[in-house]
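These notes concern the structure reproduced below.
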Amino acid sequence: MKRFFYTRRAAALVPAAVFLAALCCGCGKLIPSAREINDFQLITAVGMDRHEDGGVTLTLSSKKGGTSASGGAAADAGSAPFLLSHHAATAALAFQDMESLTDKHIFLGHTRCFLIGESLARDGLRSCLDYIMRDMDVRPDVRLYIVKSRSAGELLAEASDNEEFAADRLKSMELDARRASNTDIASALDIAAAMEGGGAALIPALTLKAREGAASGDTDKRRLTFDPDGFAVIREHRLTDYIDAADAPFVNLLRGRFYNAVVEVEDARGAAAALHISRVKRSYSLEWENGAPSRLNIGVTFHSEIGQSRPESGHEGWHKYAAARLIRDGVGRAFDAARESGADYLGTAAALDMRHPFRFAPYRDGWDDIISGLEVEIRVCSKE
Amino acid sequence: MIPYHPPDAGSRGEAPGAGLIKDMFRDAADFAYRELNIGGAAVTLFYIDGLVSSQFVADEIIKPLCLTESRGSPEALLSALWDGVVFGHSVKRRDTLGETADDMLAGSVAVTAGGAPWCLTFEAKGFPSRGVSEPGGESIFKGAKDGFIENLRTNTALVRRKIKNPALRFFETTVGRQTQTAVSVVWIEGLTDPALVDSVRGRLEALDIDALLYASQLEERVADNKWTAFPQMLASERADRFAHYVSAGRVGILIDGLPIGYAAPGTFAELLRAPEDYSQNYLMASVVTLLRYACLLISLTLPAFYLSLVCRHQEIIPTALAQSIIAAKQDVPLMGAFEVLGMLAAFEILLEAGMRLPKPIGQTVSIVGALVVGQAAVEAKFVSPAVVIVIAMTGIAGFTSPNQDLSAAIRVWRIALTVLAAPLGLFGLCIGCVWLLFHLTGVESFGVSYLSPFERSSRDTLTRALFRAPLRLNRFRERALNTLNKRNQP
């Protein structure tokens, strides 16, 4: 009996010992998908553009160099920006080709953002979204941005020239958005879900602009930079319209994604004062007539306080009136623009479905048509 | 079992005559005897030189003997000595040669007279022994400075001084065919679980070994689970800590020749307790205890975790950190697994070298090894600085363990987890951790679960294991010890 157990134990140990020996002798092929981190080129930002021949141009941006010279704009060693560009018929093919352009494995597991050029966005985003969603390295919550009027490659190249990393800058922009509410986050997963549902979605837009000081010739290098510039409206996988940067906070407010903002208003004497607006809530409700929606009420509550102003700027609570007027006008403008575009990117249908789950259901599908002829009342209240 | 035939087994039962004693210790240079003629009777004193006090033998045994008058027969003379002629504080009548020899080996003087069929042994211990001093491995700032020494009787006295309770019991037995080492089992009658006492006594009495000279010779044989690297008994050089264990309801074991006191059962949570925990504020002690658990986790899993991330799950490393690791590892030709396992091996070698060498040289070797060789290896691109940092953090975290045996067990498992993580990444690490948990849940120490009090959801888990609750709230003794008296304070 003892011998049996010893034999069985030995039998179990032999394969284990062989396996460990194989590992220890560096038999890498026995190890499934063995990859060392220093074999990777971590890509932090990807630019996608429409190429002249109808294909897709990819621009990869990262911090560290290490590609062969044939791989395009290979950077110096150190922490200099790495930029690699290539085009092919599809995004997947372009990525595949790029593997041979570098001595490292292109790794998209650390990609934070995909920047999409306007031309590609107007032609259609489906293939890009499909690639992002099916690639097992790319995180589904990767951020999407539309580059307004320019190509994504151009933006990444400008950022690279300025020794700036697009991904870092965009991350900082995301944080700023919590303070200014002038942009938002759009993940590939959200956009794909919205497109699947046949709805519309907003993707933050970026624009290249001259950096202050460049015109005066302070430095040759720092010419252009990029900033958030409202939203791109995506409908049926295509870019259909833009929302101006000025309206972006109010669009965010109507979408329920307004956090904080500082606005400048005029006080009673005509001097500028800064107001800090926070704790904003919006609500949608419908009034019904003969069982059909007759009026849409938009309610907004907010809290405001004076950030900076001269003493004795006006009567008590003047800043609340000023802020309320500003919000009412902005919300009206943003809502009208949404109605005109015929795309429910503000999510009113979803909000009303929550508010009137049974009565609203029959109107859900044709809501885009109904809303265009609906009377709208906006009520703005300040919180104490 | 191999039959045991002790030398001169046949003569051990014979009457202790002078000739037989001389024959038994023939060719032993330290064997000494003194022949006297007391009133016509041939009296011989036998002893082992070096084990007895010469002064005591001369003043308290030989001198009274020489002053005594003739008693007629040798038996009458021995009876007179038994009745108090000799001033020895401890005298025993021995009827066999074996008993006489055992007493002599324990530091007694045997006295035979003429052809008397029995003899007397007088305790006259006087062998060299170091004084009670502060234990090197467990010194604390606020606490007693007396540690165990190699003398069993001194150690029992130290315990008795801490626990002045007449119910404190010392059961003594000898272990080792060759060494005849005295082992003392310590417990408090009426408090300690009698089943636990019986279990410890039974295991000690059943020990049939050649020698008991080292700690593991007892630990390994007495422990329940032979196939584990984890210590199953609590060991301390401190008399106060040992007394704490005994007064909590554990059974203590003291071994002659070892300056260590053992306590059973040993549990994982108690192994992570340090003597300072009860000599400093409970809040600080709780924080430090939690820190110890965290360090244990770091020491156990950090190399495996690092290897998993670097070789298998690069996507979950924060981007900035990943870029730093890539930059550090850029020109290192070795695979990550080799780097980590190699550095772990180097760390173990340094530890071993430091221990084997005299203390000042050992420290030099550690510093040279860690700083100079480590720095040179990084500069020569043999290993990446990240791996050096990981292994250094692992090593330092491992040193926070209050018990060196536990630390050694963690080192064994650390390597096992790293080997598992090399091919399988975090899955391997998880498999290893589950395996370790399975293993630990199966370990028992003298019938008590090794993971007690974690094995059940009880207040003990928080108040005794993870934190050190204020002492006034610890009104009950450890449940797992099944003590007869459950309360330790009103």
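The values are calculated or read from the model by the stated rules, or taken from the named source; none is laboratory data. Keep in mind it's a predicted model, so treat the numbers as computed, not measured. Counting neighbours? That spans all protein chains shown, and the Cβs are built from the backbone with ideal geometry, glycine included. Keep in mind that these areas ignore ligands, DNA and RNA; they rest on the heavy atoms of the full protein, side chains included. Shrake-Rupley method; radii C 1.70, N 1.55, O 1.52, S 1.80 Å.
Give the lysines reachable from B:Lys162 as a straight Cα distance under 23 Å; neighbours fewer than 8 places away on the same chain don't count.
Cα-Cα hits under 23 Å: B:Lys142, B:Lys145, B:Lys486.
Using the alpha-carbon atoms, what tilt in degrees (0 to 90, nearest 10) does helix B:336-356 show relative to the longest principal axis of chain B?
30
Tell me the accessible surface of B:Leu357 in square angstrom (1.4 angstrom probe, heavy atoms of protein chains only), to the nearest ten.
Its heavy atoms expose roughly 70 Å² to the probe.
Restricting attention to the range B:371-457, which trypsin sites (Lys or Arg not before Pro) occupy a DSSP loop and are surrounded by at most 12 other Cβ atoms within 10 Å?
Counting only loop positions with at most 12 other Cβ atoms within 10 Å, the trypsin sites (Lys or Arg not before Pro) in the range B:371-457 are B:Arg456.
Given H placed on each backbone N at 1.01 Å, which residues far from B:Val383 in sequence or on other chains put an amide H within less than 5 Å of it?
Here the answer is B:Val378, since their amide H atoms fall under 5 Å of that of B:Val383.
Aspartates and glutamates within cross-link reach of B:Lys329: Cα-Cα under 14 Å, excluding same-chain residues under 8 positions apart?
Candidates past the 8-residue exclusion: A:Glu36, A:Asp39, B:Glu339, B:Glu379.
Grab the other residues whose beta carbon is less than 11 angstrom from that of B:Leu51, score K and R as +1, D and E as -1, and report the net.
-3
Let me check I have the definition right: for the protein assembly as shown, take the eigenvalues of the Cα gyration tensor, multiply each by 5, take square roots. What are those semi-axes in whole Å, largest first?
85, 33, 25
Over 20 Å intervals from 0, what percent of Cα-Cα pairs in chain B sits in each interval?
Answer for chain B: a P(r) of 19, 41, 28, 10, 2, 0 percent.
Round to a whole number: what % of the accessible area of the protein assembly as shown belongs to carbon and sulfur, probe 1.4 Å?
C and S fraction of accessible area: 56 percent.
Just to be sure I understand the model, the point goes 7 Å from the Cα along the line to the Cβ. What's the resulting A:His356 to A:Trp318 distance in nm?
Those two pseudo-labels are separated by 4.1 nm.
Determine ³J(HN,Hα), in whole Hz, for all residues of the range B:37-44 in sequence, where each value follows from phi through the Karplus function 6.51 cos²θ - 1.76 cosθ + 1.60 and θ = phi - 60°; x replaces Gly and Pro.
The phi angles translate into 10, 10, x, x, 9, 7, 10, 10 Hz.
In the range B:420-436, which residues become less accessible by 40 Å² or more once every protein chain is in place, relative to the chain on its own, using a 1.4 Å probe?
SASA drop of 40 Å² or more in the range B:420-436: B:Pro423.
Give me the accessible area buried between chains A and B, both sides summed, with a 1.4 Å probe, in Å² rounded to the nearest 100.
2000
Filter the cross-link list A:Lys148/A:Lys281; A:Lys63/A:Lys104; A:Lys104/A:Lys148 down to pairs whose alpha-carbon distance in this structure exceeds 25 Å.
Beyond 25 Å between Cα atoms: A:Lys148/A:Lys281; A:Lys104/A:Lys148.
Determine the principal axes of the Cα atoms in the range A:249-382, then give the extent along each, sorted from largest to smallest and rounded to whole angstroms.
Answer, in whole Å and largest first: 55, 25, 22 Å.
Helix B:404-442 versus the longest principal axis of chain B: what is the Cα-based angle in degrees, 0 to 90, to the nearest 10?
Taking the Cα atoms of chain B, the angle to B:404-442 is about 20 degrees.
Per residue of the range A:320-333, what does 6.51 cos²θ - 1.76 cosθ + 1.60 with θ = phi - 60° give for ³J(HN,Hα)? Whole Hz please, x for Gly and Pro, Karplus curve as stated.
Result, rounded to whole Hz: 5, 5, 4, 5, 5, 4, 4, 5, 4, 5, x, 5, x, 4.
Please list, ordered by chain and number, the residues whose modelled amide H lies under 5 Å from the amide H of B:Val52; skip anything fewer than 5 residues away on the same chain.
Those lying under 5 Å, H to H, from B:Val52 are B:Gly126.
For the range B:237-251, take each phi angle, set θ = phi - 60°, evaluate the Karplus expression 6.51 cos²θ - 1.76 cosθ + 1.60, and give the result in whole Hz per residue in order, putting x for glycine and proline.
Running phi through 6.51 cos²θ - 1.76 cosθ + 1.60 with θ = phi - 60° gives 8, 8, 5, 5, 5, 4, 5, 4, 4, 5, 6, 7, x, 8, 9 Hz.
What size of dipole, in debye to the nearest 20, comes out for the protein assembly as shown about its Cα centre when the only charges are +1 on Lys and Arg C-beta atoms and -1 on Asp and Glu C-beta atoms?
2060
Please list, ordered by chain and number, the residues whose modelled amide H lies under 5 Å from the amide H of B:Asp193; skip anything fewer than 5 residues away on the same chain.
B:Leu484
Counting heavy atoms of the protein chains only and a 1.4 Å probe, report the per residue accessible area for the protein assembly as shown as a whole number of Å².
About 48 Å² of surface per residue is accessible.
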